[in-house]
Amino acid sequence: MRTITLRRSLIGLFAAAISFGAITPAQAETLRIGYQKYGTLVLLKAKGTLEERLAGQGIDIKWIEFPGGPQLLEGLNVGSVDFGTTGETPPVFAQAAGADLLYVAYEPPAPTSEAILVSQNSPIQSVTDLKGKKVALNKGSNVHYLLVRALEEAGLKYSDIQPVYLSPADARAAFERGSVDAWVIWDPFFAAAEEQLQARSIRDGQGLVSNHQFYLATRPYAENNPDVINTLIQEIHGVGEWVQENPDETTHQVAPLLGLSHEITNKAVTRQQYGAQLLTPDVVAAQQQIANTFTDLKLIPKTLDIKGVIWAPPAQLATVK
């Protein structure tokens, strides 16, 4: 009898706590955010402001690091991630593979933060010289599109090279050994290769690609939690504004997180662009062109509709425009 009375008392206290806001039904919810070695999410994670804001909604955050965008979106596809950031191409490959995702925001173009690299003493001087050569890249990553466009610009076909699909770490090792002739890579790996290996860039994305960063969520999560997505975009936008105003302090904070020197980190920080916002029609059209390019190359099996996977926030939310 005493046990029953105690149980009833505890239930009553729990119900009262919910009614007064001390405990919410969502208290046990966890938002799983996928991030990469570098980018705005790294700074957001370090600052802890997102945790403070979402704690009021009864939401915990679990941060999960991935080596690249394709791997991150694979995690999103299998349900181990709710939200994350990648370059332009990974969402295209993920959508083609059936991932139920939505684009929720993007950052301004950063075309110089990715490039095609060759070793310091390589006889290769231009993209034209890549014909018949082994080129390392992370398949389905942002640099995949850069390579396609650079080859087109040089009058080459994708079939004119020998693509070697490797993760950034494995690609760097292959590049250092000389077992590949070129490496297509993004920052901070790009900046590190320049400074540590004296690698030469034969073509970056300037005038060729936009190299947008996109923030994506699973469709169920975005549709069921629009207020959380709204908070995420606001926080990411705020961190981006701070970075633009404080590049030196940003470098000081990011360098130890990456395990890289101040010089390497600063180069990566200043080549990136910041300021998350909702997708515009022009950005959607550019992303559609990327999807069409990979369909034409038969690297993805079907034509995609990018407009159909763009998040539209409810009118009452004050999302960054």
Across K131/K302; K45/K302; K47/K307; K45/K157; K267/K302; K62/K139, pairs whose alpha-carbon gap is larger than 30 Å
K45/K302; K47/K307; K45/K157; K267/K302
What accessible area per residue comes out for the chain, rounded to a whole number of Å², with a 1.4 Å probe?
45 Å²
Relative contact order (percent) for the chain, with alpha-carbon contacts under 8 angstrom and 6 or more residues of separation?
23 percent
Neighbours of P314 by Cβ distance under 12 Å: Lys/Arg at +1, Asp/Glu at -1, summed charge -2
Specify whether the C-alpha gyration tensor of the range 223-321 places it in the rounded, prolate or oblate class, a ≥ b ≥ c being the square roots of the eigenvalues: rounded for a/c under 1.5, otherwise prolate if a/b is larger than b/c and oblate if not.
oblate
Spelling it out for L101: with amide H atoms placed in the peptide plane at 1.01 Å from N, the residues 5 or more places away or on another chain with amide H under 5 Å from its amide H are R219
Amide H contacts of Q213 (H built 1.01 Å from N, under 5 Å, at least 5 apart or other chain):
E107
Applying 1/(1 + (r/R0)^6) with R0 = 25 Å to the Cβ-Cβ distance of D282 and E153, what FRET efficiency is obtained, to the nearest 0.05?
0.70
Convert each backbone phi in the range 167-178 into a coupling constant with the Karplus relation 6.51 cos²θ - 1.76 cosθ + 1.60 (shift: θ = phi - 60°), then list the ³J(HN,Hα) values in order as whole Hz, x for Gly and Pro.
5, x, 5, 5, 5, 4, 4, 5, 5, 5, 6, x
Candidates Y35, Y103, Y221, ranked by Gaussian network fluctuation over the chain, Cα under 10 Å, top entry:
Y221
If I compute solvent accessible area with a 1.4 Å probe over the protein chains, what percent of it on the chain is carbon and sulfur?
51 percent
Would you please name the trypsin sites (Lys or Arg not before Pro) within the range 216-313 that are DSSP coil residues with at most 13 other C-beta atoms within 10 Å of their C-beta?
K298, K302
With a 1.4 Å probe and all protein chains kept in place, how much accessible area does R149 have, in Å² rounded to the nearest 10?
60 Å²
Read phi for every residue in the range 112-129 and hand back ³J(HN,Hα) as whole Hz from Karplus 6.51 cos²θ - 1.76 cosθ + 1.60, θ = phi - 60°, with x for Gly and Pro.
8, 9, 9, 6, 9, 10, 10, 5, 4, 9, 5, x, 6, 10, 8, 4, 4, 6
Can you work out the Karplus-derived ³J(HN,Hα) for every residue in the range 220-228? Use 6.51 cos²θ - 1.76 cosθ + 1.60 with θ = phi - 60°, whole Hz, and x for glycine or proline.
x, 5, 5, 6, 8, 9, x, 5, 5
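The values are calculated or read from the model by the stated rules, or taken from the named source; none is laboratory data. What you are looking at is a predicted structure, and each value in this text was computed from that prediction instead of being measured. FYI the Cβ positions are ideal-geometry reconstructions off the backbone, even for glycines, and counts take in every protein chain you see. Ligands, DNA and RNA are stripped out before the accessible areas are found, and what is left, the full protein with its side chains, is counted by its heavy atoms. Shrake-Rupley method; radii C 1.70, N 1.55, O 1.52, S 1.80 Å.
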